[in-house]
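The values are calculated or read from the model by the stated rules, or taken from the named source; none is laboratory data. Since the model is a prediction, treat every value here as computed from it, not as a measurement. Cβ coordinates were reconstructed from backbone atoms using ideal geometry, including for glycine residues, and neighbour counts include every protein chain displayed.
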Amino acid sequence: LPLAVLVSGSGSNLQAIIDRIEAGRIDARIKVVLSDKADAHGLVRAAKHGIPTRVLPFGEYPDRAAFDAALLAAVRESGARAVILAGFMRLLGKGFIAAYRDRILNIHPALLPSFPGLRAQEQAIGYGVAVSGATVHFVDEKMDNGPIVIQAAVPALPDDDAKSLGARILALEHRIYPQAVAWLAAGRLAIDGRKTRLAPSGA
Ligand code: GRF
């Protein structure tokens, strides 16, 4: 499956996916890595693996619609047939989502529907939860809202802060995101209302 991966920062989830593709565990190819930030370390990671990159600085577009159109054009030009959001810190516009409906995945560092939006780890600590985790979901028009593909949990320990909890969650993200992408690439995911059905392998 030809993929476009969108990043804004470190790109450690991108790295986890690259590593699993190179190990032959995901039947996909990353056609392009796109970033809204020129200094995103994810771009360096992509380049190291010979993956084409492009930067689309949000501030250089007259408005959100223009940015969204440019992003969509870049994904289309790459030949990608699915889109992986890996720490991409911008909401996709309606036009983009319509063009890749049911073919966009995101990862969120909390157990949705708890703590959507920014700084989920900090929100979870502030609330005083005993358990948190990560969620991979399909993307729809609402933030952190589409059908869930996979979730996994970690304990929030008494002395955790957002950083220590976040590190524990991130390690989990690196396991579940490649798994979700592998299922998508194998054509095993089907959306059924609020749910995602996982077809048996080889079916
Ligand atoms: C992760 O915590 C992810 O859940 C959130 O942004 C962070 C990205 O980390 N959406 P990285 O860029 O993949 O290292």
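Here are a few things to note about the model shown:
- Test: residue in the stretch 115-129 that is touching a helix residue (DSSP H, G or I) at 6+ places or on another chain (Cβ under 9 Å), without any contact (Cβ under 8 Å) to a residue 24 or more places away in the chain and not small (G, A, S): yes
- The stretch 77-89, subset more than 10 Å from the ligand (Cβ to nearest atom) and outside any strand (DSSP E or B), residue surrounded by the most Cβ atoms within 10 Å (Cβ to Cβ): A80
- Contact map, the stretch 140-166: residues that are without any contact (Cβ under 8 Å) to a residue 60 or more places away in the chain paired with residues that are among the aromatic types (F, W, Y) and surrounded by 14 or more Cβ atoms within 10 Å (Cβ to Cβ), Cβ distance under 6 Å, separation 6+ or inter-chain. Pairs shown: G146/F138; P147/F138.
- Checking A98, A134, A120 one by one, the residue that is of a type in the set (G, A, S) and in contact with a Leu (Cβ under 6 Å, 6 or more places away or on another chain) is A134 and no other.
- Of the residues making up the stretch 10-35, those that are away from the ligand (no atom under 16 Å from the Cβ) and basic (K, R) are R25, R29, K31.
- Selected residue (only one of L6, L71 is buried (at least 18 other Cβ atoms within 10 Å of the Cβ), among the hydrophobic types (A, V, I, L, M, F, W, C) and within 12 Å of the ligand (Cβ to nearest atom)): L6
- Among strands (runs of 3 or more DSSP E) entirely within the stretch 90-203, having at least 1 residues that are small (G, A, S) and more than 16 Å from the ligand (Cβ to nearest atom) singles out 189-192.
- Single match in A134, A120, A98, A124 (criterion: closer than 26 Å to F58 by Cα, at pLDDT 95 or above, buried (at least 22 other Cβ atoms within 10 Å of the Cβ) and hydrophobic (A, V, I, L, M, F, W, C)): A120
- When residues of the stretch 20-40 are limited to those that are among the acidic types (D, E) and under 19 Å from A180 (Cβ atoms), the one surrounded by the most Cβ atoms within 10 Å (Cβ to Cβ): D27
- Test: residue in the stretch 41-48 that is crowded, with 21+ Cβ neighbours inside 10 Å, within 16 Å of the ligand (Cβ to nearest atom) and assigned to a loop (DSSP other than H, G, I, E, B): no
- Among (1) farther than 21 Å from L189 by Cβ; (2) free of Cβ contacts under 8 Å to residues at least 12 places away in the same chain; (3) of a type outside the set (G, A, S), the one test that V55 misses: (2)
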